[in-house]
Amino acid sequence: MTENAEYREFFSQIKKNWDAVAKPLDSLGKFETIVAKIGAAQKTLHPKADKSACIVFCADNGIVEEGVSQSDKSVTKICAENIAAGKTAVGIMARRSNTEIIAVDIGIDSDEVPHGLLDRKIRKGTRNFLKESAMTLDETEKALQTGIEFVRHCKERGYQILCIGEMGIGNTTTSAAVASLLLGKNAAETAGRGAGLSNQGIARKINVIQQAIEKYAPFRAEPLKVLASVGGFDIAGMAGVCLGAKQFAMPVVLDGVISMVAALVAERLEKGVTDYLIPSHKSREPAAALIMQELEIDAPLDADMALGEGSGAVLMLGILQTIIDVYGKSLRFGVSGSGVSGVEQYTRFGA
C-alpha cells in the first residue's frame, strides 16, 4: 500500500466501518477491500460511483503488417465508430450502470476522425516496431499527457470513478511485447491468441514479439523507452489515465490485459499509482496473471473473458455500485460498552 498517510487512514477506517455492517465479518470478501480502496482514493469515508465514465482509446498498430492478427487494420475504425455509437458490448453494459462512454481517436490510421470519437489523434497509427520504434519519445509523452488530461477534465466535471478500455487491431501483440520487456519474460510466456488466432497465427505472433524483445532488450529498465519502442497510442493513453488517477485522486477500474500493461507502465513510471487502480477480471491472455502478480493486485472476476473495449471494467463497475450501496445503506450493529448489542438503522459513518 502507498506510503501516503492520508490514503492509509481512509482505507483503514472504511475497513473498520465494514465490521459494523449487519452481516458476517468479511463476508463480502475482496469487495470490502475494494470499496475501502475507492474511498481512500477519493479521500472520503463515503465512496461514490454514481457518476462514471469509460474512456476507450482507439488506435492502430504498425506491427499488423507482420500478420500478427486475423483482422486487418480497417476493422479498428469500424469498431471504434460502433463503440462511440453505443452499439457494442461495452455500450450496452454502460447503459445498465449509467456510465458515459468517451471514445477517443488517439491514433487511428485514417485521415479523418471517425464519427462520434473525440479527436486526440497523435499519428495515423504507430510504426512497425520490427523496423523502428513504434512511437517517438515525444509522441509517447504526448499520449501519456492526453490520458492525464482526461482524468483532470473528468474530475472537474464531477465524475467519481473512471473505467478504461481500448480498441486497436494488433494491440494484444504490442501489450505482450511491452509486458515481456518490463517483466523479463520471453514471448511464449506473455503472448496469447488475442481475438482467436490459429496455431499457425500464434506461432507467428510469438516469433515477431521475440524478435522485438531481442531488438529492444537494452531498454528493459526504462519504461518510457519500452513503451515508445513496442507499445501503442492506446496503451500510452491508458497509462496516462493511470498516472492521472493518482494525481487527481480518481479511482480507475482496469479492463483486461492491455489496460493491465498500461497500469504496469504507469507504476514503473511513478510508484504508488496501483493504489488508485481497481482490477476487474482475470483476462485469459497469459500476460495478465504475470502482471497482477508483479503489481500485487487481484481481480475479483474470473470468467475467462477476452472481450476488450472496457467491457470488463464496466461490468465490474456495476457490481461495485451495488457493493457501495451495501456499505452505505445497510443496517448497522449497535455497539455498547460490552460490544455488539443489536442492530440499529444506518447513520452515516463519521456523521
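Observations on the structure shown:
- Check on Ile78, assigned by TED's automatic domain parsing to the domain that holds Arg157 and buried (at least 20 other Cβ atoms within 10 Å of the Cβ): no
- Condition met for Ala59 (touching a strand residue (DSSP E or B) at 6+ places or on another chain (Cβ under 7 Å) and closer than 30 Å to Arg204 by Cα): yes
- Per-region count, the range 199-211, residues touching a residue at least 24 places away in the same chain (Cβ under 8 Å) and over 24 Å from the mean Cα position of the chain (by Cα): 5
- Checklist (1) touching a Phe, Trp or Tyr at 6+ places or on another chain (Cβ under 9 Å); (2) within 30 Å of Ser52 (Cα to Cα); (3) buried (at least 18 other Cβ atoms within 10 Å of the Cβ); (4) not small (Gly, Ala, Ser) applied to Ile161, failing item: (1)
- Count of the range 178-194 residues which are surrounded by 15 or more Cβ atoms within 10 Å (Cβ to Cβ) and assigned to a loop (DSSP other than H, G, I, E, B): 5
- Residue in the range 261-280 that is surrounded by the most Cβ atoms within 10 Å (Cβ to Cβ), counting only those that are more than 26 Å from Asp50 (Cβ to Cβ) and in contact (Cβ under 8 Å) with a residue 12 or more places away in the chain: Val261
- Some residue of the range 5-17 being outside the structural domain of Thr76 (by TED's automatic domain parsing), part of a loop (DSSP other than H, G, I, E, B) and more than 19 Å from the chain's Cα centre (by Cα): no
- Matching entry among Gly147, Gly192, Gly158 (being under 21 Å from Leu307 (Cα atoms) and not aliphatic (A, V, I, L, M)): Gly192
- If you go through the range 1-30 and keep only what is closer than 23 Å to Leu295 by Cα and surrounded by 20 or more Cβ atoms within 10 Å (Cβ to Cβ), you end up with Tyr7, Phe10, Phe11, Ile14.
- The residues listed here are Ala288, Ala245; of these, the one that is of a type in the set (Gly, Ala, Ser) and touching a strand residue (DSSP E or B) at 6+ places or on another chain (Cβ under 8 Å) is Ala245.
- Some residue of the range 10-17 being in contact with a Ser or Thr (Cβ under 6 Å, 6 or more places away or on another chain) and within 21 Å of Arg332 (Cβ to Cβ): no
- Which numbered condition Ile102 misses (of (1) in contact with a His (Cβ under 8 Å, 6 or more places away or on another chain); (2) within 17 Å of Gly237 (Cα to Cα); (3) not hydroxyl-bearing (Ser, Thr, Tyr)): (1)
- Single residue of Lys43, Lys77, Lys73 found to be within 30 Å of Thr172 (Cα to Cα) and either in contact (Cβ under 8 Å) with a residue 60 or more places away in the chain or of a type in the set (Asp, Glu) (or both): Lys73
- Criterion (touching a Leu at 6+ places or on another chain (Cβ under 7 Å) and farther than 23 Å from Met93 by Cβ) met by exactly one of Ala289, Ala266: Ala266
- Asp138, sole failed condition from (1) closer than 22 Å to Gln247 by Cα; (2) surrounded by 15 or more Cβ atoms within 10 Å (Cβ to Cβ): (2)
- The set of residues in the range 83-93 that are free of Cβ contacts under 8 Å to residues at least 12 places away in the same chain and buried (at least 17 other Cβ atoms within 10 Å of the Cβ) contains only Gly91.
The values are calculated or read from the model by the stated rules, or taken from the named source; none is laboratory data. If you're wondering where the values come from, they're calculated on a predicted model, not measured in any experiment. Cβ coordinates were reconstructed from backbone atoms using ideal geometry, including for glycine residues, and neighbour counts include every protein chain displayed.
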